[in-house]
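K.L.:
Below you will find the structure I want to go over with you.
What follows is calculated from the coordinates using simple rules that are stated; it is not laboratory data. Just so we're clear, the structure is a prediction, and the values are computed from it rather than from any experiment. Reconstructed Cβ throughout: ideal geometry from the backbone, glycine too, with neighbour counts over all protein chains shown.
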Amino acid sequence: MLVLSRKVNESIKIGDDIELTVVSIDGEQVKIGINAPKNVDIHRKEVYLSIQEENTKAADTASLDILKQLSGSVKQDEKD
């Protein structure tokens, strides 16, 4: 992990398209502004992890549904 120190209004560049700016510091809370292209998803980590968990559940459910459908079509083919 790279650790950098920044003061209010100082920035960090990530590649050519992303800039993080320290907007304010109040006690233990740091506010960060992020400039990035619209196609870059930006989430707090806990939100990102929740989205990943939901996507995994949805994929598992979809996989089971597809397997059930395929299983049913195989059984149907055996009857023909």
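K.L.:
So for each of 1-7, 22-28 I average, over its residues, the number of other beta carbons within 10 Å; can you give me the resulting order with the highest mean first? The partial results should precede the final answer.
P.N.:
On the way: 1-7: 6.3, 22-28: 9.9.
Answer by packing, highest mean first, reads 22-28, 1-7.
K.L.:
Counting pairwise Cα distances across region 1-56, what percent come out greater than 15 angstrom? List each step's numbers first, then the result.
P.N.:
On the way: 949 of 1540 pairs.
Across region 1-56, Cα pairs with separations above 15 Å total 62 percent.
K.L.:
If you don't mind, there's one more thing I want to ask. Calculate one ³J(HN,Hα) per residue across region 50-60 by plugging θ = phi - 60° into the Karplus curve 6.51 cos²θ - 1.76 cosθ + 1.60, and present them in order as whole Hz with x for glycine and proline.
P.N.:
5, 4, 4, 5, 5, 5, 5, 4, 5, 5, 4
K.L.:
Label Asn39 and Leu4 with points 7 Å out from Cα along Cα→Cβ: what is the distance between them in nm?
P.N.:
2.4 nm
K.L.:
If I stretch the segment between Ser71 and Asp16 completely, what's the gain in nm (0.36 nm per residue apart, minus their alpha carbon distance), one decimal? Each step should come with its number before you reach the end.
P.N.:
Numbers: separation 55, 0.36 × 55 = 19.80 nm, distance 4.95 nm.
So the extension gain works out to 14.8 nm.
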